[in-house]
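A.B. asks: Have a look at this one before I ask anything.
Bear in mind that the values in this text are calculations on the coordinates, not laboratory data. All of these numbers come straight from a predicted model, not from anything done at the bench. Here the Cβ is made from the backbone with ideal geometry for all residues, glycine too, and neighbour counts use every protein chain on show.
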């Protein structure tokens, strides 16, 4: 029943509405409240608490036998022990505390008197008092055993009392919580008040609680009783206002639910509707005459949205099946990747990219049918995990190779750093190209060292090439100037007119060559052109000079090797020229030796005179060439 049923007039036992019922309840509750206060005072008396619990515990033992009163001091020790034995056997522990204490006191008075008498007789017999030893008393031993048993039984009794009190304490807490719940309940006031009276009776029936909790317990109980009485006095106007607000809230929910019929996203509309239903349940009751009408309106909108939602998901079944087929195909492709034998990191990375692409495609595919969705995902996930686990195992074994690669690349860094300040541009450039090629051939290094070692190597390489670039940037400007000077000198040589004096002409040509050699390098693209132009002009003038063939060859060679000085590879060129001359010298010397031997062989024959003359001519020519070659060799030595 809804909480707002409290707004209805209460009915009396005859079913008639009673305007005065609330006043009757109030009067009855006031009397009840006074009764509870009186009960509080009574319950705080410790004797009442102890006796009630003790009586409750003793009843568990059955019919109690009345304990006969005796004068303990008149009993002997044997009778006292027997009396204690009978008391412990037939009476509950909580009823015999005083009896046990009296038996104990009477026994030890007699026991002490006996010991004093024995000690007196012992001393009177002539013995020293300090040598007296009390004899063993079996009655005392038996008494002590029974007292120990009584003590244990009393402790157990006290424990049971404490447990009972704790149980009662929690039971009363439950009653208080139940009274609190009545205020928040949805029953009618008739039912609520009846439940309240039953809880009060439960409270009265519960036994005592621990003494230290009595005061707080009654404070809490009376506080919640007062709250309940305030609750049942709520006026009808406030309840009517609450019903009206609830009706407005539920009407607004009806309107919101009807607007959801226009929501294009069906799933969103359905989820929003669930929230509206939660809000509907949280809103309290409405006026009775509007209850069915509002619910029918809200239910109609709900039915229409649920129908759209159902139709939407029925249309998704085909798509879900297609998604399953697409995901099955991806599983097969992923499983195929596992069977491929991969031996290098490059191969692993390539296949990893393929698998990642499959994963990306997987993300674009929607759900499979519910019964298959988890299975197909597990299949794909298993294939992916198997692949990447195998990849992880491969790279674990690959670490040792990476460490070796790191050592090799560190050595290349040392080489690069040792050469970075070199100005032997050609040779050092070649060396840098070699170690850069070697760097590329070496495999990867551990990832955490990769950037560090690369930056170290790159820094050394950049230092050299930046230095070289800076040098040649300035050199390009100088070479352009040198080109202008050499082209001007070529024009001057071309305009030169030889005189009749061969010696002056020769000196002038040598001066041209000397000036040419003093001019530095020219741009590489113009080098061969200007050298050929200059050498062609100089050689042409030498050919026209009135010089013998020997001196012409010497000057032409001089012109040739002087041009080598302007070449970046001058050292290599001169070496090649020297080796070439030496080889020719050796060949000519061998040829002359052969020719001389041939002359000696043919000289005895008169028919071989022409052949002998030919060999002699060759020998003379060979010796002239040897002289020329030795001169050239000397010129090369002078250049060094």
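A.B. asks: Tell me, in nm to one decimal, what length is gained between residue 263 and residue 583 on full extension, where the rule is 0.36 nm per residue of separation less the Cα-Cα distance? Walk me through the numbers before you get to the answer.
C.D. replies: Details: separation 320, 0.36 × 320 = 115.20 nm, distance 10.04 nm.
Gain on stretching residue 263 to residue 583: 105.2 nm.
A.B. asks: Test of understanding: what is the full-extension gain from residue 373 to residue 491, defined as 0.36 nm times their sequence separation minus their Cα-Cα distance?
C.D. replies: On the way: separation 118, 0.36 × 118 = 42.48 nm, distance 9.03 nm.
Additional length available on full extension: 33.5 nm.
A.B. asks: Could you grab the Rg to Rh ratio for segment 198-343? Cα atoms only, Kirkwood for Rh.
C.D. replies: Values: Rg = 29.5 Å, Rh = 21.8 Å.
Ratio value, two decimals: 1.35.
A.B. asks: For segment 97-206, build the convex hull from the C-alpha positions and give me its volume per residue in Å³.
C.D. replies: Values: hull volume 12.7 nm³, N = 110.
Dividing the Cα hull volume of segment 97-206 by its residues yields 115 Å³.
A.B. asks: Taking the simple approach of a point 7 Å from Cα along Cα-to-Cβ for both residue 69 and residue 90, what is their distance in nm?
C.D. replies: Each label point is offset 7 Å from its Cα along the Cβ direction, giving 1.8 nm.
A.B. asks: In what order do 67, 342, 80 fall by count of nearby beta-carbon atoms within 10 Å, going from fewest to most? Intermediate results must be reported in sequence, preceding the final value.
C.D. replies: Details: 67 14, 342 17, 80 24.
Least crowded to most crowded, the residues run 67, 342, 80.
A.B. asks: So what's the convex hull volume per residue for the Cα atoms of segment 300-378, in Å³? Before the final figure, lay out each step's value.
C.D. replies: Details: hull volume 7.0 nm³, N = 79.
So the per-residue hull volume is 89 Å³.
A.B. asks: Could you tell me which of rounded, prolate or oblate describes segment 237-315, using a ≥ b ≥ c as the square roots of the eigenvalues of the alpha-carbon gyration tensor, with rounded for a/c under 1.5 and, failing that, prolate when a/b is larger than b/c and oblate otherwise? Write out the running numbers ahead of the final one.
C.D. replies: Numbers: a/c = 3.17, a/b = 2.58, b/c = 1.23.
Taking the square roots of the gyration eigenvalues as a ≥ b ≥ c, segment 237-315 is prolate.
A.B. asks: In which sequence would 423, 621 go, from the one with the fewest C-beta neighbours within 10 Å to the one with the most?
C.D. replies: Working: 423 9, 621 12.
If I rank by nearby Cβ atoms, fewest first, I get 423, 621.
A.B. asks: Moving to a separate point now. Using 7 Å Cα-to-Cβ label points, what is the residue 279/residue 400 separation (nm, one decimal)?
C.D. replies: Output for this residue pair reads 6.9 nm.
A.B. asks: Moving to a separate point now. How far, in nm, would the chain grow between residue 136 and residue 340 when pulled straight, counting 0.36 nm per residue and subtracting the alpha carbon separation?
C.D. replies: Additional length available on full extension: 63.7 nm.
A.B. asks: If you don't mind, another one. Using only the Cα atoms of segment 480-544, build the gyration tensor, take square roots of its eigenvalues as a ≥ b ≥ c, and label the shape rounded, prolate or oblate: rounded if a/c is under 1.5, else prolate if a/b is larger than b/c, else oblate. Before the final figure, lay out the partial values.
C.D. replies: Values: a/c = 2.51, a/b = 2.06, b/c = 1.22.
The shape class here is prolate.
A.B. asks: Let's test this: bin the Cα-Cα distances of segment 371-451 at 10 Å from zero up to the farthest pair and state each bin's percent.
C.D. replies: 15, 28, 20, 15, 11, 7, 3, 0
A.B. asks: Label segment 347-487 by shape, choosing from rounded, prolate and oblate, from the square roots a ≥ b ≥ c of the eigenvalues of the Cα gyration tensor; if a/c is under 1.5 it is rounded, and otherwise prolate applies when a/b is larger than b/c, oblate when it is not. Walk me through the numbers on the way to the answer.
C.D. replies: Working: a/c = 5.34, a/b = 2.54, b/c = 2.10.
The shape class here is prolate.
A.B. asks: Same structure, new question: With each pseudo-label sitting 7 Å past Cα toward Cβ, what's the residue 244-residue 476 distance in nm, one decimal?
C.D. replies: Rounded to a tenth, the inter-label distance reads 9.3 nm.
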